[in-house]
Amino acid sequence: MSNQIIGLIGCFAVVALVLLRIPVGFTLAIVGFIGYCAINGVSHALLKIGEMPLEIINYDLIVLPLFVLMGSVCLKSGMSRDVFAVANAAFAGRRGSLALASVGASAAFGAVSGSSLATVSTVAKVTVPEMRRAGYSMMLAGGSVASASTLAVLIPPSVILVIYALMSEQSLGKLYAAALLPGLLLVVLYVIIVAGWVMLQPDAAPRGPREPLRTRLYNLTKIWKIALLFGGAIGGMYAGWFSPTEGAAMGAAGAVVIGFATRSLGIRGLIDATVETVQTSAALFFIVIGAMLFAYFIVQAGLPTAFVDATKYFELKPWQVMGAIIVFYIIAGCFLDSIGMILMSVPIFLPVIISLGYDPVWFGILLVVLVEIGLITPPVGMNCYVLRTQIPDIPIGTIFLGVAPFLLANLALIAILLMFPQVALWLPSALF
C-alpha cells in the first residue's frame, strides 16, 4: 500500500471519527500516530510524539492563553451590557435598531473576546430579551445575534487566526492586520442585511424610540473600555510598538486593571476567569499538538505533493482549484467543527494554494470567512445551538431560518476577497 493511500485513509478516518463526535484533538492525535507508525515505524512515531509538545509550546504560542484571559476578564466584568448600550445609542430611532445594535455589540465584544461562542452566549443574554420585549420577530432576533457573533473569529484578536498562524507558519501580526478591513466590511454587510430585512418586512421590527441627545452621548462614552483595550493591544501591534505576544499581554493586563479600577471585577471574578483560561488553553493546546502530529503524518504520506502534482497534471486553472476548495469548506462546515476542519485541511491545501500563486495570508482570511459560514449552517451550526441554550424557548429551526439571509453577507465578502485581494492585503503591506 502506497503512502498516499495511507494518507487518504487517515483523512477519511478523521472525518468519520469527528462525525461520531470523538474529540477532535484525540482524533487527530490517534490517526496521526497510527499513520506515522504505518509509514515510518513505531519507534519513529514514539519519538515524534514525545518531541511534539516541546516543539510547539514556545514563546509565540503564549499569545493564545493571554488573549483568552483578556476575553474571560471582559466577560466577567460585564462589558457586554456597555457595548450594547453604545450600539443601541448609535442606532436609536431607526427601525430594527435593536437588531442593528446586536450586530454592533457582537463586533465590539468580539474585538476583545476572540471567541465566537463566548460572544454569542454573552450578547444573546442581553440583546434577545430586549428584542422580545420590543416585539421583534424571533427569527430576526436569533438570526442577527447568531450571525453577528461570528465576527469574533475574524476581527482581531481571533483565536482561529492564532491557530492558522501556527499551522501555516505565517506572521500573526500580518494576519491580524489583514483581517481588520474584511471584518469591518462584514459588519457593514450585516447592517445592510438587517436594514433590508426590516424594509421588506416592517412587522419584523418596530421603529425604536428616539433617545435624547444627552442620553445618547452618555451611552456612547461607555465604549471607552473596549476602545482602550483594542487600541492598546491590537492598535499597539499595528503601530509596531508591540509584538503579538506583547500586545496580548498588554490586553490581558489592561482588562484586569480596568476591571478592578471600575469595580466591575472582583477577586472571585478574576479567579474564575483564570480557571476558565487554563481550561480553555489546555484544551486548545491538546488540539494543536494532535493537529501537528496529524500534519507530520500527512506530509510523510506525501498528500500535499500529490495534490500539487494533480493540479499540474490535469492543467487546472487556479480559479478552478480555489472554487473547489471553497465548495469543500462550505460543505464540510455543515458537519465538522471549525477548529478541527482547519487543523485537518490546512496541511493538505496550503501547499496547493502557495503553488498556485495565492498569498497564504490572504488565504487565511478567506478561510476564516468560510469557517464563519460553518458556525451558523445546519446541522452543526454551533453558534445557533449555543444561542438556543441561552434562550431555550426559541426553536432551533427558527434560528437557522433567521441566519439564512445573513449568509448572503458572508458569500458577498468571499466574492469581494476573490475579486479584490487587496481588501485583505493592503493593510499588512502598508504596516509590515
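Residues that are touching a helix residue (DSSP H, G or I) at 6+ places or on another chain (Cβ under 7 Å) and either over 13 Å from M344 (Cα atoms) or basic (K, R) (or both) within the range 1-41 comprise N3, Q4, I6, F33, G35, Y36, C37, A38, I39, N40, listed in sequence order.
Residues of the range 194-218 that are surrounded by 13 or more Cβ atoms within 10 Å (Cβ to Cβ), at pLDDT 85 or above and out of contact with any Ser or Thr (no Cβ under 8 Å at 6 or more places or on another chain): A195, G196, W197, V198. The residues of the range 378-409 that are β-branched (V, I, T), touching a Phe, Trp or Tyr at 6+ places or on another chain (Cβ under 8 Å) and outside any helix (DSSP H, G or I) amount to a single one, V380. When restricted to residues that are within 15 Å of the chain's Cα centre (by Cα) and modelled with pLDDT under 85, the range 376-385 contains 2.
For (1) more than 21 Å from P156 (Cα to Cα); (2) among the aliphatic types (A, V, I, L, M), each residue gets a yes or a no:
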| position | (1), (2) |
| --- | --- |
| G78 | no, no |
| V83 | no, yes |
| A90 | yes, yes |
| S102 | no, no |
| S106 | no, no |
| S115 | no, no |
| V123 | no, yes |
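Restricting attention to the range 219-269, the residues being surrounded by fewer than 16 Cβ atoms within 10 Å (Cβ to Cβ), touching a residue at least 60 places away in the same chain (Cβ under 8 Å) and in a helix (DSSP H, G or I) number 1. Among residues of the range 401-428 that are touching a residue at least 60 places away in the same chain (Cβ under 8 Å) and buried (at least 19 other Cβ atoms within 10 Å of the Cβ), those with a Cβ under 8 angstrom from a residue that is not in a helix (DSSP H, G or I) and not hydroxyl-bearing (S, T, Y), sequence gap 6+ or separate chain, pair up as V403/G381; L425/D359.
Failed condition for F33, given (1) under 29 Å from L186 (Cβ atoms); (2) among the aromatic types (F, W, Y); (3) at pLDDT 80 or above, with all others met? So F33 meets the others, but not (1).
Restricting L316, L303 to residues that are free of Cβ contacts under 8 Å to residues at least 24 places away in the same chain, of a type in the set (A, V, I, L, M) and either more than 22 Å from L20 (Cα to Cα) or out of contact with any Leu (no Cβ under 7 Å at 6 or more places or on another chain) (or both) narrows the list to L316.
The values are calculated or read from the model by the stated rules, or taken from the named source; none is laboratory data. Bear in mind the structure is a predicted one, so any value in this text is a computation, not a measurement. Every residue, glycine among them, receives a Cβ derived from its backbone with ideal geometry; neighbour counts consider all protein chains shown.
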